[in-house]
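The values are calculated or read from the model by the stated rules, or taken from the named source; none is laboratory data. This is a predicted model, so every value here is computed, not measured. Please note: Cβ atoms are built from the backbone with ideal geometry, for glycine as well, and neighbour counts cover all protein chains shown. We work out accessible area using only protein heavy atoms, side chains counted, and drop any ligands, DNA or RNA first. Shrake-Rupley method; radii C 1.70, N 1.55, O 1.52, S 1.80 Å.
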Amino acid sequence: MKNKPTILIVEDDRAVRNLISTTLATHDYKYLLAQNGASALLEATSHNPDIVLLDLGLPDMDGIDIIKKIRSWSNMPIIVISARSEDNDKIEALDAGADDYLTKPFSVEELLARLRVTLRRLNYIRTLSDKESSIFINGDLKIDYNLGCVYLNNEELHLTPIEYKLLCLLAKNVGKVLTHTYIIHEIWGVGYENEVATLRVFMTTLRKKIEKNSNNKYIQTHVGIGYRMLKVENKS
Ligand code: CA
(Lines give C-alpha, C1' and ligand atoms only; values in the text may rest on other atoms or scores of the structure.)
Protein backbone atom coordinates (compact mmCIF):
# COMPACT_ATOMS: atom_id res chain seq x y z
CA MET A 1 0.00 0.00 0.00
CA LYS A 2 1.38 3.38 -1.00
CA ASN A 3 0.35 6.72 0.48
CA LYS A 4 -2.75 6.93 2.59
CA PRO A 5 -5.71 8.22 0.59
CA THR A 6 -6.77 11.75 1.50
CA ILE A 7 -10.47 12.43 1.99
CA LEU A 8 -11.94 15.91 2.08
CA ILE A 9 -14.87 15.97 4.52
CA VAL A 10 -17.36 18.76 3.77
CA GLU A 11 -19.97 18.88 6.50
CA ASP A 12 -21.38 21.72 8.60
CA ASP A 13 -22.77 19.41 11.31
CA ARG A 14 -19.99 19.07 13.88
CA ALA A 15 -21.16 15.73 15.28
CA VAL A 16 -21.24 14.11 11.82
CA ARG A 17 -17.93 15.71 10.89
CA ASN A 18 -16.30 14.32 14.04
CA LEU A 19 -17.75 10.87 13.48
CA ILE A 20 -16.40 10.76 9.93
CA SER A 21 -12.98 12.18 10.76
CA THR A 22 -12.50 9.82 13.72
CA THR A 23 -13.53 6.87 11.58
CA LEU A 24 -11.13 7.84 8.82
CA ALA A 25 -8.24 8.44 11.21
CA THR A 26 -8.63 4.98 12.72
CA HIS A 27 -8.83 3.31 9.30
CA ASP A 28 -5.64 4.60 7.75
CA TYR A 29 -7.03 7.54 5.84
CA LYS A 30 -5.85 11.11 5.91
CA TYR A 31 -8.53 13.77 5.99
CA LEU A 32 -9.12 17.46 5.42
CA LEU A 33 -12.07 19.36 6.87
CA ALA A 34 -14.38 22.00 5.46
CA GLN A 35 -17.50 23.38 7.16
CA ASN A 36 -18.97 25.21 4.21
CA GLY A 37 -18.91 25.38 0.44
CA ALA A 38 -16.37 28.15 0.12
CA SER A 39 -13.76 26.36 2.20
CA ALA A 40 -14.63 23.07 0.44
CA LEU A 41 -13.70 24.59 -2.91
CA LEU A 42 -10.55 26.09 -1.46
CA GLU A 43 -9.46 22.78 0.10
CA ALA A 44 -10.31 20.85 -3.06
CA THR A 45 -8.29 23.14 -5.31
CA SER A 46 -5.32 23.56 -3.00
CA HIS A 47 -4.94 19.96 -1.77
CA ASN A 48 -6.40 17.86 -4.58
CA PRO A 49 -7.83 15.14 -2.29
CA ASP A 50 -8.43 11.59 -3.54
CA ILE A 51 -12.12 11.65 -2.59
CA VAL A 52 -14.58 14.34 -1.48
CA LEU A 53 -17.33 13.49 1.00
CA LEU A 54 -19.84 16.26 0.43
CA ASP A 55 -22.85 17.07 2.58
CA LEU A 56 -25.50 18.51 0.27
CA GLY A 57 -27.04 20.76 2.91
CA LEU A 58 -24.47 23.47 3.55
CA PRO A 59 -25.09 26.95 4.96
CA ASP A 60 -23.49 29.04 2.21
CA MET A 61 -23.79 27.13 -1.07
CA ASP A 62 -25.91 24.58 -2.85
CA GLY A 63 -24.07 21.24 -2.85
CA ILE A 64 -25.00 20.76 -6.53
CA ASP A 65 -23.12 23.95 -7.41
CA ILE A 66 -20.06 22.70 -5.55
CA ILE A 67 -20.14 19.48 -7.61
CA LYS A 68 -20.45 21.45 -10.86
CA LYS A 69 -17.58 23.75 -9.87
CA ILE A 70 -15.29 20.82 -8.99
CA ARG A 71 -16.29 18.97 -12.18
CA SER A 72 -15.30 21.97 -14.28
CA TRP A 73 -11.65 21.21 -13.52
CA SER A 74 -11.41 17.78 -11.87
CA ASN A 75 -12.75 14.22 -11.98
CA MET A 76 -11.94 13.59 -8.32
CA PRO A 77 -14.55 11.19 -6.92
CA ILE A 78 -17.35 12.89 -4.99
CA ILE A 79 -19.58 11.00 -2.58
CA VAL A 80 -22.55 13.09 -1.52
CA ILE A 81 -24.13 12.85 1.90
CA SER A 82 -27.81 13.62 1.99
CA ALA A 83 -30.80 13.34 4.29
CA ARG A 84 -33.22 10.46 3.74
CA SER A 85 -35.97 12.65 2.33
CA GLU A 86 -33.83 13.98 -0.51
CA ASP A 87 -34.03 11.30 -3.25
CA ASN A 88 -34.29 13.95 -5.94
CA ASP A 89 -31.25 15.71 -4.56
CA LYS A 90 -29.25 12.49 -4.86
CA ILE A 91 -30.34 12.07 -8.47
CA GLU A 92 -29.52 15.68 -9.24
CA ALA A 93 -26.13 15.31 -7.55
CA LEU A 94 -25.33 12.15 -9.53
CA ASP A 95 -26.38 13.82 -12.77
CA ALA A 96 -24.17 16.80 -11.88
CA GLY A 97 -21.21 14.42 -11.67
CA ALA A 98 -21.18 12.89 -8.18
CA ASP A 99 -19.98 9.28 -8.07
CA ASP A 100 -22.00 7.90 -5.19
CA TYR A 101 -24.13 8.89 -2.21
CA LEU A 102 -24.56 8.11 1.46
CA THR A 103 -27.89 8.60 3.18
CA LYS A 104 -28.07 10.01 6.70
CA PRO A 105 -28.00 8.44 9.16
CA PHE A 106 -25.29 6.05 7.93
CA SER A 107 -23.15 3.57 9.80
CA VAL A 108 -19.38 3.58 9.99
CA GLU A 109 -19.37 0.30 8.03
CA GLU A 110 -21.42 1.88 5.25
CA LEU A 111 -19.07 4.84 5.06
CA LEU A 112 -16.01 2.60 4.85
CA ALA A 113 -17.66 0.36 2.25
CA ARG A 114 -18.45 3.35 0.02
CA LEU A 115 -14.90 4.60 0.32
CA ARG A 116 -13.53 1.17 -0.63
CA VAL A 117 -15.77 1.00 -3.71
CA THR A 118 -14.67 4.47 -4.78
CA LEU A 119 -10.98 3.77 -4.17
CA ARG A 120 -11.22 0.65 -6.32
CA ARG A 121 -12.75 2.77 -9.08
CA LEU A 122 -9.99 5.34 -8.64
CA ASN A 123 -7.22 2.73 -8.78
CA TYR A 124 -8.79 1.23 -11.88
CA ILE A 125 -8.96 4.61 -13.63
CA ARG A 126 -5.37 5.41 -12.67
CA THR A 127 -4.03 2.16 -14.14
CA LEU A 128 -6.09 2.79 -17.29
CA SER A 129 -4.42 6.08 -18.15
CA ASP A 130 -1.05 4.32 -17.85
CA LYS A 131 -1.78 1.74 -20.54
CA GLU A 132 -4.59 2.89 -22.86
CA SER A 133 -6.69 -0.24 -22.80
CA SER A 134 -9.23 -1.53 -25.27
CA ILE A 135 -9.98 -4.46 -23.02
CA PHE A 136 -11.99 -4.21 -19.84
CA ILE A 137 -11.48 -6.89 -17.22
CA ASN A 138 -13.50 -7.14 -14.04
CA GLY A 139 -13.30 -10.42 -12.13
CA ASP A 140 -14.23 -13.15 -14.62
CA LEU A 141 -15.91 -10.67 -16.98
CA LYS A 142 -14.03 -9.38 -20.00
CA ILE A 143 -15.08 -6.91 -22.70
CA ASP A 144 -13.05 -6.53 -25.88
CA TYR A 145 -14.19 -3.13 -27.16
CA ASN A 146 -12.44 -3.54 -30.52
CA LEU A 147 -14.08 -6.85 -31.31
CA GLY A 148 -17.34 -5.95 -29.56
CA CYS A 149 -17.19 -9.23 -27.68
CA VAL A 150 -17.95 -10.09 -24.08
CA TYR A 151 -16.53 -13.09 -22.25
CA LEU A 152 -17.34 -14.69 -18.95
CA ASN A 153 -14.71 -17.17 -17.73
CA ASN A 154 -13.26 -17.00 -21.26
CA GLU A 155 -16.51 -18.12 -22.83
CA GLU A 156 -18.15 -15.71 -25.20
CA LEU A 157 -21.51 -14.33 -24.12
CA HIS A 158 -24.21 -13.50 -26.62
CA LEU A 159 -25.63 -10.10 -25.84
CA THR A 160 -28.16 -8.12 -27.82
CA PRO A 161 -26.92 -4.74 -29.13
CA ILE A 162 -28.76 -2.88 -26.35
CA GLU A 163 -27.40 -5.21 -23.67
CA TYR A 164 -23.91 -4.69 -25.05
CA LYS A 165 -24.28 -0.90 -25.04
CA LEU A 166 -25.60 -1.01 -21.48
CA LEU A 167 -22.73 -3.20 -20.34
CA CYS A 168 -20.13 -0.92 -21.96
CA LEU A 169 -21.71 2.16 -20.40
CA LEU A 170 -21.63 0.57 -16.95
CA ALA A 171 -18.08 -0.70 -17.48
CA LYS A 172 -16.79 2.68 -18.60
CA ASN A 173 -18.24 4.14 -15.41
CA VAL A 174 -17.30 1.23 -13.16
CA GLY A 175 -17.75 2.06 -9.48
CA LYS A 176 -20.00 5.02 -10.22
CA VAL A 177 -23.76 5.17 -9.72
CA LEU A 178 -25.52 6.08 -12.98
CA THR A 179 -29.04 7.47 -12.82
CA HIS A 180 -31.92 6.07 -14.89
CA THR A 181 -32.11 9.31 -16.86
CA TYR A 182 -28.39 9.33 -17.61
CA ILE A 183 -28.44 5.72 -18.83
CA ILE A 184 -31.56 6.26 -20.94
CA HIS A 185 -30.06 9.36 -22.56
CA GLU A 186 -26.88 7.47 -23.40
CA ILE A 187 -28.60 4.37 -24.77
CA TRP A 188 -31.83 5.60 -26.35
CA GLY A 189 -31.41 9.37 -26.46
CA VAL A 190 -33.36 12.33 -25.14
CA GLY A 191 -37.15 11.95 -25.02
CA TYR A 192 -37.26 8.40 -23.61
CA GLU A 193 -37.08 9.39 -19.93
CA ASN A 194 -40.30 7.54 -19.13
CA GLU A 195 -38.86 4.22 -20.29
CA VAL A 196 -37.46 3.21 -16.90
CA ALA A 197 -39.49 -0.02 -17.05
CA THR A 198 -37.89 -0.88 -20.40
CA LEU A 199 -34.47 -0.17 -18.97
CA ARG A 200 -35.26 -2.46 -16.05
CA VAL A 201 -36.15 -5.31 -18.44
CA PHE A 202 -32.87 -4.99 -20.36
CA MET A 203 -30.93 -4.73 -17.12
CA THR A 204 -32.55 -7.92 -15.84
CA THR A 205 -31.64 -9.93 -18.94
CA LEU A 206 -28.12 -8.49 -19.00
CA ARG A 207 -27.61 -9.29 -15.36
CA LYS A 208 -28.82 -12.87 -15.87
CA LYS A 209 -26.28 -13.35 -18.63
CA ILE A 210 -23.27 -11.91 -16.84
CA GLU A 211 -24.03 -13.11 -13.33
CA LYS A 212 -25.51 -16.55 -13.97
CA ASN A 213 -22.27 -18.51 -14.19
CA SER A 214 -20.19 -16.14 -12.16
CA ASN A 215 -19.27 -15.97 -8.51
CA ASN A 216 -19.42 -12.21 -8.71
CA LYS A 217 -22.22 -9.74 -8.47
CA TYR A 218 -21.45 -7.04 -11.01
CA ILE A 219 -24.50 -4.85 -11.22
CA GLN A 220 -25.92 -3.13 -8.18
CA THR A 221 -29.46 -1.77 -8.24
CA HIS A 222 -30.18 1.55 -6.54
CA VAL A 223 -33.94 1.55 -6.15
CA GLY A 224 -35.51 4.72 -7.51
CA ILE A 225 -32.11 6.04 -8.58
CA GLY A 226 -30.18 3.87 -11.02
CA TYR A 227 -27.45 1.24 -11.38
CA ARG A 228 -23.77 0.77 -10.81
CA MET A 229 -21.19 -1.78 -11.90
CA LEU A 230 -18.99 -2.81 -9.01
CA LYS A 231 -15.28 -3.30 -9.52
CA VAL A 232 -14.46 -6.75 -8.24
CA GLU A 233 -11.39 -6.83 -6.05
CA ASN A 234 -8.41 -8.46 -7.74
CA LYS A 235 -7.16 -11.50 -5.90
CA SER A 236 -3.41 -11.28 -5.63
CA1 CA B 1 -25.72 19.90 6.61
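Brief remarks follow.
- Single residue of region 63-88 satisfying the filter (more than 12 Å from the ligand (Cβ to nearest atom) and acidic (Asp, Glu)) that is nearest to Leu19 (Cα to Cα): Asp87
- Flag if Glu92 is assigned to a strand (DSSP E or B), open to solvent by 40 Å² or more (accessible area, probe 1.4 Å), without any contact (Cβ under 8 Å) to a residue 60 or more places away in the chain and more than 19 Å from Leu230 (Cα to Cα): no
- Positions within region 55-81 being assigned to a helix (DSSP H, G or I) and not small (Gly, Ala, Ser), in sequence order: Ile64, Asp65, Ile66, Ile67, Lys68, Lys69, Ile70, Arg71
- For region 61-72, the set of residues classified as modelled with pLDDT of 95 or more and either open to solvent by 50 Å² or more (accessible area, probe 1.4 Å) or on the phi > 0 side of the Ramachandran plot (or both) consists of Asp65, Lys68, Lys69, Arg71, Ser72, listed by residue number.
- Filter result for the condition that a residue is at positive phi and free of Cβ contacts under 8 Å to residues at least 24 places away in the same chain, over Gly191, Gly224: Gly191
- The criterion of at least 3 residues that are more than 27 Å from Arg114 (Cα to Cα) and of a type outside the set (Gly, Ala, Ser) is met by the following strands (runs of 3 or more DSSP E) wholly inside region 127-236: 149-152, 155-157.
- Restricting attention to region 39-60, the residues that are surrounded by 14 or more Cβ atoms within 10 Å (Cβ to Cβ) and either within 11 Å of the ligand (Cβ to nearest atom) or farther than 23 Å from Leu94 by Cβ (or both) add up to 6.
- Selection within region 1-38: residues that are hydrophobic (A, V, I, L, M, F, W, C), within 15 Å of the ligand (Cβ to nearest atom) and part of a helix (DSSP H, G or I). The member of this set that is farthest from Ser74 (Cα to Cα) is Ala15.
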